[in-house]
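The values are calculated or read from the model by the stated rules, or taken from the named source; none is laboratory data. Predicted, not measured: the structure shown is a model, and the values here were computed from it. Positions of Cβ are generated from backbone atoms using ideal geometry, with glycine treated the same way; all protein chains shown enter the neighbour counts.
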Amino acid sequence: MLTKNSNFILFFSLIFCFAIACKDKEPEMNEQPGPKFKETCCTHSAIVDSVGSAEVFIPNNFTANFDGINDVFVVWAGQEISHIISMKIFDDAENLVFEHYDFQGNDPAEGWDGKLPDGNLEDGIFNYVIEISNVFNETKTFEGTVACRTSFPLNCVDHENQCVFGTQHDGNGGYDGALPNFEDCQ
C-alpha cells in the first residue's frame, strides 16, 4: 500500500526521470550560425533574369523565422510567366529537401517555408533548380543558391548588404534594390 510519502517520492522520481530523458531534446533558439554560413550567407547572387521577355526574380535569402517578413522562398515572376514547372531544393549533401510542381509564382503559399523533410528548420545554404515557362511556352531552368535564416531576432552575417530578399521585388517580376528588405539583423 502506498503512503503519502511514497506517492510523493514516486511523483518526484518520475519528474526527475522525465527531466533527464528530455534534457537534450529541447531545441536551441537563436543559436548563432556557424562561421561558414555567416561568411557566405549573402555572397551568392540573386537571380534577376527573364524567360523570353518575362522577368524573373529569385532572391538569395529568406528568413523562415515566423516574423511575417520574407518567411518563404518565393519565385517572383512577371505577368508573362505562365507557371513554375518545377522547384527543387537540395541541401549541401545534394539531398532533395523540397520539391513542388506546376504552380504560380508570386505566391508565398506556393513557396518553400524552409522546413526540411523531418519538419525541422535550420540555418543553411541550399541549392535550387527551378524551371519556369512563359505564356509563349518558352522555358528556362535557373540554378542557384539561397540562404535560409531561422533566428529571431535575425542574426547578422558578413556581407549583410548583399542579402537580397523577396520584399525587394518590383511587382513586375524584377528586383528593385532601392526597396527595403524589412530585415533588421542584430
Subject >> Tally, over the stretch 45-68, of residues that are crowded, with 17+ Cβ neighbours inside 10 Å and either closer than 21 Å to F182 by Cβ or small (G, A, S) (or both) >> reply: 14
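Evaluate the following for Q168: is it touching a Cys at 6+ places or on another chain (Cβ under 6 Å), touching a residue at least 12 places away in the same chain (Cβ under 8 Å) and of a type outside the set (F, W, Y)?
In short, no.
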Original post:
How many residues does the stretch 119-133 contain that are in contact with a Ser or Thr (Cβ under 7 Å, 6 or more places away or on another chain), assigned to a loop (DSSP other than H, G, I, E, B) and not hydrophobic (A, V, I, L, M, F, W, C)?
Top reply: 2
Original post:
Does any residue in the stretch 71-93 that is at pLDDT 95 or above come within less than 6 Å, Cβ to Cβ, of a residue that is among the acidic types (D, E) and not in a strand (DSSP E or B) six or more places away or on a different chain, and which pairs are these?
Top reply: V72/D113
Subject >> Whichever residue in the stretch 134-174 is in a strand (DSSP E or B) and surrounded by fewer than 21 Cβ atoms within 10 Å (Cβ to Cβ) and, among such residues, is nearest to the chain's Cα centre (by Cα) >> reply: T145
Subject >> Any chance G111 is buried (at least 20 other Cβ atoms within 10 Å of the Cβ) and touching a residue at least 12 places away in the same chain (Cβ under 8 Å) >> reply: yes
